[in-house]
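Nothing in this text is a laboratory measurement; each read-out follows from the coordinates by a stated rule. Here the structure is a predicted model, which means the values were calculated and not measured. Glycine gets a Cβ as well: all are built from the backbone with ideal geometry, and neighbour counts include every protein chain shown.
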Amino acid sequence: MSFETAELAELKNRGLLRILKLQDGNLLNFSTNDYLNLSCHPQVKDKAIKAIDNNGTGAGGSRLMAGNLSLHEELEKKLAELTCMESALIFGSGFLTNLGVLTALAGRNDVIFSDKLNHASLVDGAITSRAEVRRYRHCDVEHLADLIKSCDSTGRKIIVTDSVFSMNGDIAPLLDIHNLAVAQGCLLVVDEAHAIGVFGSGGGICKSLSITPDVITGTLSKALGSYGGFAACSERLRSFFINKSRSFIYTTGLPPASIGAALAALEVINSSPSIGEILIKNATFFKDGLNKIGFDTCGSASQIIPAVIGDNSKTLSISKHLEESRILAVAIRPPTVPHGSARLRFSLTLNHSQEDIKKVISVMEELKWK
Ligand SMILES: Cc1ncc(COP(=O)(O)O)c(C=O)c1O
């Protein structure tokens, strides 16, 4: 048997095989990251089309070669304003942003302190940087402080955390982490991928708390309904990333359509800054409903609401049953989440009505006993 057949069979046995499924537009989608449904907003589509009309379909090169468009720089200014940071730099995706930021900031003599539930792109960025990585217990600031105090490295110390955690939907204690970073002379990188567009009038949780980490990373691909990523930071760090981030230097600039779409998404958000609050109100109603019927929702305080099932196969089977009721809620299994905590990850969008939410809760209640 070939190695790949053997390894795939092993994954299947453990209920961990992943397969690609075509999206069925008829399902009530509780798995999308298009939280504000902006990917189908007429103004967003229109601006993407205009960007193609004016600039073509591709940037034609890396930003440092011939691919730096005025659209890129316009969006960077708008993202800096949105997050209340001095400047911003666009990357090919949120994943590439985290990779580029961490590999530029950290090297062999440095130490990265990383929340145990940080997104894979932060984990991979930290590993790729060759820095020593010390993981602290999820959202545990005391543990983080102990790790920093017991670290005698003379290199740079960098704390890295998601603001909204992608599989729990809970929120990092950013005020305490920021205070600790300042007191201990650490750099702080906060990934706001799931908070941009939703919290802080769209600018994220750091903005809502009035804190300024060294770098905020984000994506254009979730609430902004487009594609791409960005780092918001000081002018100095922006220049540093332009010179040091290999995932920025050695890749083509984002295509005009993605930039046009993101610019229009920001216009929509700026013209109705409370849409994020409406989303979170609906999400709280949904989360309370799941809690009432006995599901652990992992401390979610955002539009991402997990319902922990535990067993991999049972989670898959509940996801399948939901689909029979025309509800899409993807099963999330290890290694994306810790062993024994397989779950359905629901994400709320502005399009979901109270009726939709009540329907999911009632189906979940039925399935719980199956
Ligand atoms: C917390 C977090 N950071 C970064 C990313 C990567 O963003 P992108 O999909 O733009 O690569 C994701 C999404 O998958 C995420 O959940």
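What the table shows:
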quantity	calculated
Residue with peak Gaussian network fluctuation, the chain [Cα springs, cutoff 10 Å], from L254, L20, L224	L20
Spread of Cα-to-Cα distances over 5 Å intervals beginning at zero, given as percent, for segment 129-239	2, 11, 22, 23, 20, 13, 6, 2, 0
For the chain, with +1 on Lys and Arg beta carbons and -1 on Asp and Glu, the positive-most of I19, N118, H321 along the dipole	I19
Value of [θ]222 nm, deg cm²/dmol, for the chain, DSSP H segments ≥ 4, -39500 (n - 2.57) each, nearest 500	-13500 deg cm²/dmol
Residue of V164, V133, V198 that the Gaussian network model of the chain assigns the largest fluctuation, springs spanning Cα pairs under 10 Å	V133
Among beta bridges that DSSP assigns inside the chain, antiparallel share in %, nearest 5	50 percent
Burial ordering of T97, T161, T5, T128, fewest other beta-carbon atoms within 10 Å first	T5, T128, T161, T97
Sites matching trypsin sites (Lys or Arg not before Pro) across segment 1-39 that sit in DSSP coil, with at most 16 neighbouring C-beta atoms within 10 Å	R14, R18, K21
Sum of side-chain charges, R343 neighbourhood, beta-carbon under 9 Å (Lys, Arg +1; Asp, Glu -1)	+1
Sparse-neighbour loop sites [GluC sites (Glu not before Pro); segment 258-355; at most 10 other C-beta within 10 Å; DSSP]	none
Pair T252, L27: separation of 7 Å Cα→Cβ label points (nm)	3.1 nm
Cleavage-rule hits, chymotrypsin sites (Phe, Trp or Tyr not before Pro), segment 261-370, DSSP coil, Cβ neighbours within 10 Å at most 13	W369
5 angstrom amide H check on F295, placed H, neighbours 5+ away	none
GNM top mover of P173, P213, P335 - the chain, alpha-carbon springs below 10 Å	P335
Extension gain, T5 back to S62 (0.36 nm per residue minus Cα-Cα distance, nm)	16.7 nm
Calculated Rg and Dmax of the chain using C-alpha coordinates, Å	20.8, 60
Taking I269, I242, I19, I280 and counting other C-beta atoms within 10 Å, the order from fewest to most	I19, I242, I280, I269
Rel. contact order, % - alpha carbon contacts under 8 angstrom, at least six apart, the chain	24 percent
